[in-house]
Amino acid sequence: MSSSGDESMASEIDEQEQNGGRGIPDYIMNLEDVPSTLPTHLELQKTRVFCNLDAPQHTDTIQYSGAYAALGVDNSVRLDNFYQNFKVEVKRITDEEMEFDMIGIDPAVANAFRRILIAEVPTMAIERVYIANNTSLVQDEVLSHRLGLIPIDADPKLFEYPDDAGGENNEKNTIVFKQHVRCEKGQPRLTVKSDTLKWLPNGSELIAEGTKSAADPAPKTFTTFNQKSLPKFSKDPAPYNLDVIVAKLGPGQEIELEAHAVKGIGKTHAKWSPVATAWYRMLPEVVLTKDVKDELAEELVSKCPAKVFDIEDIGRGRKKAVVKNARACTLCRECIREADEGEEGGEGEKWTDRVSLRRVKDHFIFTIESTGAIPPDVLFTEAVKILEDKCERVITELS
Amino acid sequence: MEHGSYSDLSKSTFSLVDEDHTFANSVRFILNQDPRVTFCGYSIPHPSENRVNVRVQTTGDPASEVLKDGCQDLMLMCQHVRSTFGKAVNDFKTSKSVRSTSEKAVSESDDDMDT
Ligand code: SF4
């Protein structure tokens, strides 16, 4: 807008430059009929999704900085602006799960956090299983897959990716577990749980194939190291849940194996995903655009399965519906559905005229369910750090 | 890798290896918020290729500089998110532990009254 090259405009353009680059001289902005903020209906369309009966409306986020340039409204997000408006409110937090509200952030970034949580925060998981004996009903490959999915309680920060060591297994990239269970003859069936996975701090005990020779007094195993000597473990690596069922054994059946856990990310295989799931939803907003009274109020309250509405007495035996708990709204749209939908041309007021269902575009109710190895708040911090690392990588690549 | 022309630095396509929607979509958002950017979009040429192309067109500044600034902004944003989040979690945890200890104190004093 300000780049038109008229000589006589030069001084004015200078002035515009000082005007925060908005491109409109001050004297115009100070005129009474020039809006300095968006008109309410546009503001509403920008910040809310309208969940109408047929389809949601205004679902897109308006990202382009000049989207409202014609109205003289700057749509760019300045960082200090973001710093002022961004808020986090923790709702609940345990070792395995947390819910928090993230307010004042664009879905693009919120979604990046979610995607990173699921696919790019590293954990440890069993990657190689060496089966010495498996006479159980569960086939070797199914057993290995089941073992892989068991969350391992070990801090991935203490380990390196196996690729970093050129494919060699050492104490920095491999945790070795051993499992040896047997159901004796004459005993009842045995349920094998994850607590039978025992950590081997000295590495593998199985002798690698082809290296066994009578002359060699110390046969080669798959790994040679000692993790016990490393002071960094605060607790021994073990499955996080000790009662995950791995297999069942009948009398006389036996499983003997060794499982090697390595570091990886969920993008490679879901077993490395640190979260059971991570998701967000936008904050629901339910607005009564008209007063809903008496029988209609009763009807509205009974319509909503999520108990969003409540009844308020307004004296003289009259009642009014109020929105009590919009956060619980599941957006089933039951409250704006007409009971007699089949009948055409119904006169008068419709429920859509009374109730307006919306979602706040920049308010995210974020839930993280961890698999247990890493607490959810640490997970989120890690995810944000990973996005930072990505930016840094691109910056160094460009310079 | 940058694909642009030598004569006009204000328009370029950046081909980023090992990135996907995660980074590309957030950087597209950041760049679209920059008043110097006239156009920014991204595409993933093939789903089984680990690559994303980010197209940046500016009003005159070199596209690579603008992209760099965008990444910088995104980083600062992330840092702010991290510190705000850390603070919120800490506050929540302390307020909860205060509450639970005060509840405990209350129940203990109840016990005292009983005895
Ligand atoms: S959409 Fe469903 S849950 Fe939400 S207020 Fe209406 S009836 Fe209740």
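The values are calculated or read from the model by the stated rules, or taken from the named source; none is laboratory data. The shown structure was predicted, so the numbers you read here are calculated from the model rather than taken from an experiment. Virtual Cβ from ideal backbone geometry, glycine too; neighbours counted across all protein chains shown. Keep in mind that these areas ignore ligands, DNA and RNA; they rest on the heavy atoms of the full protein, side chains included. Shrake-Rupley method; radii C 1.70, N 1.55, O 1.52, S 1.80 Å.
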Do we have A:L387 as assigned to a helix (DSSP H, G or I) and either free of Cβ contacts under 8 Å to residues at least 40 places away in the same chain or surrounded by 13 or more Cβ atoms within 10 Å (Cβ to Cβ) (or both) here?
-> yes
For the stretch A:141-150, how many residues meet the condition of being of a type outside the set (V, I, T) and open to solvent by less than 70 Å² (accessible area, probe 1.4 Å)?
-> 4
Could you check how many residues of the stretch A:268-289 are away from the ligand (no atom under 13 Å from the Cβ), open to solvent by 40 Å² or more (accessible area, probe 1.4 Å) and among the β-branched types (V, I, T)?
-> 3
All positions within the stretch B:69-91 that are in contact with a Ser or Thr (Cβ under 7 Å, 6 or more places away or on another chain) and either closer than 17 Å to B:T22 by Cα or more than 7 Å from chain A (Cβ to nearest Cβ) (or both) | B:L74
Residue among A:E298, A:E312, A:E382, A:E349 that is away from the ligand (no atom under 16 Å from the Cβ) and part of a helix (DSSP H, G or I) = A:E382
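A quick yes/no check of all residues on (1) among the aromatic types (F, W, Y); (2) open to solvent by 20 Å² or more (accessible area, probe 1.4 Å); (3) in a loop (DSSP other than H, G, I, E, B); (4) within 14 Å of another protein chain (Cβ to nearest Cβ):
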residue: A:F113; (1), (2), (3), (4): yes, no, no, yes
residue: A:L117; (1), (2), (3), (4): no, no, no, yes
residue: A:I126; (1), (2), (3), (4): no, no, no, no
residue: A:V138; (1), (2), (3), (4): no, yes, yes, no
Identify all residues within the stretch B:49-105 that are among the β-branched types (V, I, T) and assigned to a helix (DSSP H, G or I); write none if there are none.
-> B:V66, B:V81, B:T84, B:V89, B:T94, B:V98, B:T101
Within the stretch B:6-18, identify whether any single residue is part of a loop (DSSP other than H, G, I, E, B), touching a helix residue (DSSP H, G or I) at 6+ places or on another chain (Cβ under 7 Å), touching a residue at least 24 places away in the same chain (Cβ under 8 Å) and surrounded by 13 or more Cβ atoms within 10 Å (Cβ to Cβ), and answer yes or no.
-> yes
Any residue in the stretch B:42-64 that's of a type in the set (K, R): show its pairings with residues that are outside any strand (DSSP E or B) at Cβ separation under 8 Å, as long as the two are six or more apart or on different chains.
-> B:R51/B:D18; B:R51/B:E19; B:R51/B:I44; B:R51/B:P45
Is there any pair with a first residue in the stretch A:279-295 that is within 16 Å of A:V308 (Cα to Cα) and a second that is in a loop (DSSP other than H, G, I, E, B) whose Cβ atoms are under 6 Å apart and which are 6 or more apart or on different chains, and what are they?
-> A:P284/A:C329; A:V286/A:V308; A:V286/A:C329
Count of the stretch A:302-320 residues which are open to solvent by less than 60 Å² (accessible area, probe 1.4 Å) and under 15 Å from A:L357 (Cα atoms) = 5
With respect to A:C335, is the statement that it is over 29 Å from A:V88 (Cα atoms) and within 13 Å of the ligand (Cβ to nearest atom) true?
-> yes
